[in-house]
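This report concerns only the one structure given below.
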Amino acid sequence: MIPADPEARDALAAEYALGTLEAREAAEVARAVERDPDLAATVARWEARFAPLTALATPEAPPPDLWSRIEGALDPAPRVVARRWLDGWKLGAFGATAVAAGLAAFLLLRPAPQPQFMTVLLTDREQPAWLVQAEGGDIRLSSLNTRPAPPDRALQLWALPQGAAAPTSLGLIPHDGRLTVRPTTIRPSPGMLIEITLEPPGGSPTGRPTGPVQFIGRLAPAIRS
Amino acid sequence: MLRRMDAATDLGPLLAAVAHGDRAALRAVYERQAARLFGVANAILRDRDAAADALQDAFLRIARRAGQYDPARGPAEAWLAAIVRHAALDAVRARGREIPTDDPALGDQPVEADALERVAASAEGRRLRDCLAALEEKNRTGIVLAFVHGLSHAQVAARLDLPLGTVKAWIRRGLLRLRECLA
């Protein structure tokens, strides 16, 4: 049980960061951090407080073959969400099937004009979170059961055309999770990267993403029946 | 586009690229940080094979979670080290923390006063060192042994020759004092 009392939560986060929790408790905190942004921030504060102590561990070269082992472990089932969408709809990875099935159901319920391009943005647990559809010059975002941003942060939508150096802001996502924009400087195109980042209230102060990428996907041609 | 990417501050943009599935960026993170992070894992596992397994596990987690790194919450080095420490701690827990605590290599450096000087390379490190120095010695030693070498409460208790309950309470009190001191 993750406690509700702030002092008890802070103490638990501290012991998790320190590493003294038992296996079961530690696993519980690790799971809770994934869905509880407040607990994640509390843990991150403790990790940052302790971080200078890592200087006490003597640096040491790892075995020379370790990188190739890591790369080999990445290959068979790329877990990075962006990679899955790099290849569009054709790849047969297990998660894509479930997402496509969900998307088909969604489209059946909404016999709207068919978009030219679309993508589904996934959570880090590969659950569908947002549907992005492009038609004409419009980009339309709809929430698929997305949890809201933390109270002191905003979700900002970005588009990065292939070959572009920097993403273009498509604006802040309203609380109801629906947004339609017609960007003037870019046009939706296949392969365009769409991402949502966590930003300060009012959006990125720099005009570039400053916060972590929360969701990401690439526009692909929509399936026409 | 060529630019210098050797500074630690470049880890943030590299992690952003990793979040986009950029494997070359992941390799760049590995090349910059592997020796430091392998040291972190080996201080906990004290077994090079196990430390290599933990570092591999950690880099798979880094590839998966790079999008979650938030610069507002602290430096990228701290985020990376935390992932490596938790991967190593998971490995230690999976084998029941059977690593002997009477290992003469264990904790001898950290408990020396001058070892804490190494922590003080940054402003944050100096504050942490000063706050740790203000704790009672056994309290400080317990926290350092747990963090650097992954010792459980029971192992800290055995090493300091104190009852388990006492060690738990001391560490908790020490963490509270640390938080107040660092605030």
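Numbers at a glance
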{"quantity": "Helices (runs of 4 or more DSSP H) contained in the stretch B:122-162 and holding at least 1 residues free of Cβ contacts under 8 Å to residues at least 12 places away in the same chain and basic (Lys, Arg)", "calculated": "B:123-133"}
{"quantity": "Some residue of the stretch A:208-221 being assigned to a loop (DSSP other than H, G, I, E, B), out of contact with any Ser or Thr (no Cβ under 6 Å at 6 or more places or on another chain) and within 14 Å of another protein chain (Cβ to nearest Cβ)", "calculated": "yes"}
{"quantity": "Selection from the stretch B:155-171 of residues that are out of contact with any Ser or Thr (no Cβ under 9 Å at 6 or more places or on another chain) and surrounded by fewer than 17 Cβ atoms within 10 Å (Cβ to Cβ)", "calculated": "B:Asp161, B:Leu162, B:Pro163, B:Leu164, B:Gly165, B:Thr166, B:Ala169"}
{"quantity": "Condition check for A:Ala154: among the small types (Gly, Ala, Ser), within 14 Å of another protein chain (Cβ to nearest Cβ) and crowded, with 21+ Cβ neighbours inside 10 Å", "calculated": "no"}
{"quantity": "Scope the stretch B:22-67; condition surrounded by fewer than 19 Cβ atoms within 10 Å (Cβ to Cβ), among the hydrophobic types (A, V, I, L, M, F, W, C) and at the interface with chain A (Cβ under 7 Å from one of its Cβ atoms); matching residues", "calculated": "B:Ala35, B:Leu60"}
{"quantity": "In the stretch B:138-177, the residues that are more than 7 Å from chain A (Cβ to nearest Cβ) and farther than 28 Å from B:Asp47 by Cα", "calculated": "B:Pro163, B:Gly165, B:Thr166, B:Ala169, B:Trp170, B:Arg173, B:Gly174, B:Leu176, B:Arg177"}
{"quantity": "Members of the stretch A:35-70 that are surrounded by 15 or more Cβ atoms within 10 Å (Cβ to Cβ), of a type in the set (Asp, Glu) and over 22 Å from B:Tyr30 (Cα atoms)", "calculated": "A:Asp36"}
{"quantity": "Pair list, Cβ under 7 Å, 6 or more apart: the stretch B:62-87 residue assigned to a loop (DSSP other than H, G, I, E, B), other residue of a type in the set (Asp, Glu)", "calculated": "B:Gly74/A:Glu47"}
{"quantity": "Scope the stretch A:191-203; condition at pLDDT 85 or above and assigned to a loop (DSSP other than H, G, I, E, B); matching residues", "calculated": "A:Met192, A:Pro200, A:Gly203"}
{"quantity": "Candidates A:Asp38, A:Asp10, filtered to the one that is more than 10 Å from every other protein chain (Cβ to nearest Cβ) and either more than 16 Å from B:Ile83 (Cα to Cα) or not in a loop (DSSP other than H, G, I, E, B) (or both)", "calculated": "A:Asp38"}
{"quantity": "Sole exception among (1) at the interface with another protein chain (Cβ under 7 Å from one of its Cβ atoms); (2) more than 30 Å from B:Arg126 (Cβ to Cβ); (3) acidic (Asp, Glu) for A:Glu47, by number", "calculated": "(2)"}
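The values are calculated or read from the model by the stated rules, or taken from the named source; none is laboratory data. None of these values were measured; they are calculated from a predicted model. No Cβ is skipped: glycine too gets one built from the backbone with ideal geometry, and neighbour counts run over all protein chains shown.
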